[in-house]
Amino acid sequence: MFAESYDVIVVGAGHAGSEAAAAAANMGSKTLLITMNLQNIAQMSCNPAMGGIAKGQIVREIDALGGYSGIVSDKTAIQFKMLNKSKGPAMWSPRVQSDRMLFAAEWRALLEQTPNLDFYQEMVSGLIIEGDRIAGVKTSLGIEVRAKAVVLTNGTFLNGLIHIGEKQFGGGRAGERAATGITKELVDLGFDAGRMKTGTPPRVDGRSLDFSKMSEQPGDINPAKFSYLPEIKPLTEQRSCHMTYTSNLVHDLLREGFDRSPMFNGRIKSIGPRYCPSIEDKIHRFADKDRHQLFVEPEGWHTVEYYVNGFSTSLPEEVQFKALRSVAGFENVKFFRPGYAIEYDYFPPTQLKHTLETKLVSGLFFAGQINGTTGYEEAGSQGLMAGINAHLKVHEKDPFILKRSEAYIGVLIDDLITKGTEEPYRMFTSRAEYRTLLRQDNADFRLTPRSYKIGLASKERLQNMEQKQEASDNFIHFFKSTSVSPELANPILESKDSAVVKQSDKMVRMFSRPGITMEDMKKIPAVFDYIHDHKLTEEVLEQTEIQVKYAGYIEKEKNNADKLNRLEGISIPENFDYSKLKSLSFEAKEKLSSIRPATISQASRISGVSPNDISVLLVYMGR
């Protein structure tokens, strides 16, 4: 049936698997995407949204590299918001509300148009391993498919167990069976495995809700988009979300079911996401709070189904229903389906290299929730990087690794493989020490040239980026080289309670002042004319404003990153014997031998490795 061998096989077609398959195939590898149900490619298993705090930056990075998540998100969005606009640009995070069904359909359409990509529907139950190398996969029907590299993106399906109150049953997602066989095989090979938990809230009938009792949450007046491609356009119409609150009555009703909650009666033994707790976890841990926010999110343009964000639960269905009916606006709510929790297998990611290839089996890559992460965006970015590196491995090319100072994706992967995780990992801006450099507005400047060099980002993408960069640089030069008179500057400065000037000065000095925005600068005729004459886009205006107003911060962070990158350049031999370094602490020897960092910089970020231990390594390396 599969007489020929593939370059890359991707197992699982969620967000990680879809990006992995697209990347490997677009770079020229003969690729097979094998999944248990081809009707469920890129399903939004939880909330119908992409982006958010730090996650939006990841989606923009995926797009800048040539991945599909940004394009699909823009094409299927029903609402756009730029979060954290009241803060500095390092914190701005794009987010879209998505049409769940359109999202999956658009992903499938893009994948079907991707050259070099085949599809097959079956459960992969085992791996073909020859020596220490991957050689293919085995399906539950006994079919063997050979490949030079395999990317596992199994999501929550590995021995998945669903909990609703006292009921539990096998499944990888509501209505879908779990995947079995792979975990045992990997453990037998010497891999460490663990269990994690996640959950999802009830879906309800919007026709049964009273939105007049909730506060409307509309999208931005001037919506932006994720993709840097000019042919992808922002939304022209949007659907609103709504917000309401729980109450002490709701909490009391939920507590009535605690004795039957798998969270509290010991049925669920694994750890759930700290930053997305269930409603029962919230009222247990934050007993002093008398209410919690609930966001009521439409699942698409033409559906009455709504997602109750903030009400994730595994309590018995009747308890969920009774409590939700006591929420303002939900008095007559009808359920489409109850919330549930799911436990699944994962593999601690310290068993991986920076490429997401496993240390134990050459050519075997892990991406997504199998690595202990949570979130579509985190999964998609890992899939993209695993797909890229699987292709490069097969074609005997240098690996593609992003540093912490280059991308949130670099921070994510470095955190996972260096520190590991014992609870579902999600990205935050606070995890990135160079977040002023890793803004959502400049992902194309940071990443598109690198992706073009390895053959993923298209020439069109590179040219768009170069045109934007040239236009921004020229506009910044205009501000630095053009003067403004007191007659033009002072009315603007006075309106912003900023000190007036007595003589002409370069525009950049005025623009750099706190509170002076591009909209203010447009009131100067020379600026207005420059924008009009050069047909500058909103992206160029935004980029120019950020570069002018935050120049000092950006330069300082670049210098700090350069210092760290000197340590990144000092590599540690792959099979280095730490036991021979007598001056290393016992804990350092243990951690370094287990994680096997690739560079001195990575070694310095391992918990338990002290500055003194790093000094010992530097002396030994002759630095």
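The values are calculated or read from the model by the stated rules, or taken from the named source; none is laboratory data. All of these numbers come straight from a predicted model, not from anything done at the bench. With ideal geometry, Cβ positions are generated from the backbone for all residues, glycine too; neighbour counts draw on all protein chains shown. Surface accessibility is based on the protein's heavy atoms, side chains included, excluding ligands, DNA and RNA. Shrake-Rupley method; radii C 1.70, N 1.55, O 1.52, S 1.80 Å.
Of all residue pairs spaced 6 or more apart or on separate chains, those with beta-carbon atoms under 6 Å, a first member in the stretch 507-536 that is on the phi > 0 side of the Ramachandran plot and a second member that is open to solvent by 30 Å² or more (accessible area, probe 1.4 Å) are Gly515/Lys496.
Of all residues in the stretch 443-499, those satisfying the criterion of being closer than 21 Å to Leu541 by Cα and of a type in the set (Lys, Arg) are Arg446, Arg461, Lys468, Lys480, Lys496.
Which of (1) in a loop (DSSP other than H, G, I, E, B); (2) closer than 27 Å to Asn464 by Cβ is the odd one out, the single condition Met44 does not satisfy? Condition not satisfied by Met44: (2).
In the stretch 29-45 there is at least one residue that is closer than 12 Å to Leu117 by Cα and open to solvent by 20 Å² or more (accessible area, probe 1.4 Å).
When each of Ser571, Ser604 is tested for being among the polar types (S, T, N, Q) and either more than 30 Å from Ser362 (Cβ to Cβ) or in contact with a strand residue (DSSP E or B) (Cβ under 7 Å, 6 or more places away or on another chain) (or both), the lone residue that passes is Ser571.
Please go through the stretch 454-491 and give me each residue that is among the β-branched types (Val, Ile, Thr) and either within 37 Å of the chain's Cα centre (by Cα) or surrounded by fewer than 18 Cβ atoms within 10 Å (Cβ to Cβ) (or both), ordered by number.
Ile454, Ile476, Thr482
Determine, yes or no, whether Arg260 is of a type in the set (Lys, Arg), in contact (Cβ under 8 Å) with a residue 12 or more places away in the chain and within 19 Å of Cys46 (Cα to Cα). Walk me through it before giving the result.
Numbers: of a type in the set (Lys, Arg): yes; in contact (Cβ under 8 Å) with a residue 12 or more places away in the chain: yes; within 19 Å of Cys46 (Cα to Cα): no.
For Arg260, the condition - of a type in the set (Lys, Arg), in contact (Cβ under 8 Å) with a residue 12 or more places away in the chain and within 19 Å of Cys46 (Cα to Cα) - is not met.
Which residue, of Asp99, Asp118, is surrounded by fewer than 23 Cβ atoms within 10 Å (Cβ to Cβ), in contact with a Ser or Thr (Cβ under 9 Å, 6 or more places away or on another chain) and of a type in the set (D, E, K, R)? Walk me through it before giving the result.
Values: Asp99 fails: surrounded by fewer than 23 Cβ atoms within 10 Å (Cβ to Cβ).
Asp118 is the lone residue from the list that is surrounded by fewer than 23 Cβ atoms within 10 Å (Cβ to Cβ), in contact with a Ser or Thr (Cβ under 9 Å, 6 or more places away or on another chain) and of a type in the set (D, E, K, R).
Among residues of the stretch 162-189 being small (Gly, Ala, Ser) and either farther than 25 Å from Gly142 by Cβ or in a strand (DSSP E or B) (or both), the one that is most open to solvent (accessible area, probe 1.4 Å) is Gly175.
Can Phe330 be described as assigned to a loop (DSSP other than H, G, I, E, B), at pLDDT 95 or above and among the aromatic types (Phe, Trp, Tyr)? Before the answer, list the steps.
Values: assigned to a loop (DSSP other than H, G, I, E, B): yes; at pLDDT 95 or above: yes; among the aromatic types (Phe, Trp, Tyr): yes.
Taking the combined requirement at face value, the residue satisfies it.
Residues that are more than 19 Å from Gly17 (Cβ to Cβ) and within 26 Å of the chain's Cα centre (by Cα) within the stretch 112-162 comprise Leu161, Ile162, listed in sequence order.
Within the stretch 541-559, the residues that satisfy the criterion of being open to solvent by less than 30 Å² (accessible area, probe 1.4 Å), under 25 Å from the mean Cα position of the chain (by Cα) and farther than 30 Å from Ile614 by Cβ are Gln543, Ile546.
When the stretch 566-623 is examined, which residues are found to be outside any helix (DSSP H, G or I) and in contact (Cβ under 8 Å) with a residue 40 or more places away in the chain? If you could, list the steps in order and put the result at the bottom.
Filtering the stretch 566-623 down to residues outside any helix (DSSP H, G or I) leaves 569-577, 581-585, 596-599, 605-610, 621-623.
Answer for the stretch 566-623, where residues must be outside any helix (DSSP H, G or I) and in contact (Cβ under 8 Å) with a residue 40 or more places away in the chain: Ile570, Ile572, Arg596, Pro597, Ala598, Arg605, Ile606, Ser607, Met621, Arg623.
The lone criterion from (1) in a strand (DSSP E or B); (2) modelled with pLDDT of 95 or more left unmet by Phe103 is number (1). Reported count of residues in the stretch 268-309, each being modelled with pLDDT of 95 or more and of a type in the set (Ser, Thr, Tyr), is 3.
Every condition in (1) within 29 Å of Pro573 (Cβ to Cβ); (2) assigned to a helix (DSSP H, G or I); (3) open to solvent by less than 10 Å² (accessible area, probe 1.4 Å) holds for Phe365 except the one numbered (2).
The numbered conditions (1) within 23 Å of Glu305 (Cβ to Cβ); (2) among the small types (Gly, Ala, Ser); (3) in a helix (DSSP H, G or I) are all true for Gly56 except (1). Among the residues of the stretch 346-357, some residue qualifies, meaning at least one is open to solvent by 20 Å² or more (accessible area, probe 1.4 Å), under 21 Å from Leu592 (Cβ atoms) and either free of Cβ contacts under 8 Å to residues at least 40 places away in the same chain or assigned to a helix (DSSP H, G or I) (or both).
Looking at Asp562, Asp577, which one is open to solvent by 70 Å² or more (accessible area, probe 1.4 Å), within 33 Å of the chain's Cα centre (by Cα) and within 30 Å of Ile606 (Cα to Cα)?
Asp562 is the lone residue from the list that is open to solvent by 70 Å² or more (accessible area, probe 1.4 Å), within 33 Å of the chain's Cα centre (by Cα) and within 30 Å of Ile606 (Cα to Cα).
Taking the stretch 178-204 as the range and being more than 24 Å from the chain's Cα centre (by Cα), of a type in the set (Gly, Ala, Ser) and under 12 Å from Phe347 (Cα atoms) as the test, only Gly190 passes.
In the stretch 457-479, is there at least one residue being outside any helix (DSSP H, G or I) and modelled with pLDDT of 95 or more? Walk me through how you get there before you give the answer.
Step one: of the stretch 457-479, the residues outside any helix (DSSP H, G or I) are 457-458.
Filter once more, keeping what is modelled with pLDDT of 95 or more: 457-458.
Yes, some residue in the stretch 457-479 is outside any helix (DSSP H, G or I) and modelled with pLDDT of 95 or more.
Of everything in the stretch 136-159 that is outside any loop (DSSP other than H, G, I, E, B) and open to solvent by 10 Å² or more (accessible area, probe 1.4 Å), the residue that is nearest to Glu185 (Cα to Cα) is Lys138.
Look at the stretch 189-217: where a residue is under 30 Å from Asp132 (Cβ atoms) and a partner is in a loop (DSSP other than H, G, I, E, B), sitting 6+ places away or on another chain with Cβ atoms under 6 Å, you get Gly190/Leu360; Phe191/Phe347; Asp192/Pro348; Ala193/Phe347; Arg195/Ser270; Met196/Ser270; Met196/Pro424. When the stretch 220-269 is filtered for residues that are of a type in the set (Ser, Thr, Tyr) and within 18 Å of Glu317 (Cα to Cα), the ones remaining, listed by number, are Thr246, Ser261. Go through (1) out of contact with any Lys or Arg (no Cβ under 6 Å at 6 or more places or on another chain); (2) in contact (Cβ under 8 Å) with a residue 24 or more places away in the chain one by one and return the number of the condition Ser485 breaks. The single condition Ser485 does not satisfy is (2).
Has the stretch 341-360 got at least one residue that is at pLDDT 95 or above, among the small types (Gly, Ala, Ser) and closer than 30 Å to Pro201 by Cβ? No: the stretch 341-360 contains no residue that is at pLDDT 95 or above, among the small types (Gly, Ala, Ser) and closer than 30 Å to Pro201 by Cβ.
Got a sec? Which of Asp63, Asp74 is under 30 Å from Pro338 (Cα atoms), open to solvent by less than 20 Å² (accessible area, probe 1.4 Å), modelled with pLDDT of 95 or more and among the charged types (D, E, K, R)? Talk me through it step by step, then tell me what you get.
Working: Asp63 fails: under 30 Å from Pro338 (Cα atoms).
Sole residue among the options that is under 30 Å from Pro338 (Cα atoms), open to solvent by less than 20 Å² (accessible area, probe 1.4 Å), modelled with pLDDT of 95 or more and among the charged types (D, E, K, R): Asp74.
Confirm whether Asp398 is under 20 Å from Arg596 (Cα atoms), in contact with a helix residue (DSSP H, G or I) (Cβ under 9 Å, 6 or more places away or on another chain), acidic (Asp, Glu) and open to solvent by 30 Å² or more (accessible area, probe 1.4 Å). Against the criterion (under 20 Å from Arg596 (Cα atoms), in contact with a helix residue (DSSP H, G or I) (Cβ under 9 Å, 6 or more places away or on another chain), acidic (Asp, Glu) and open to solvent by 30 Å² or more (accessible area, probe 1.4 Å)), Asp398 qualifies.
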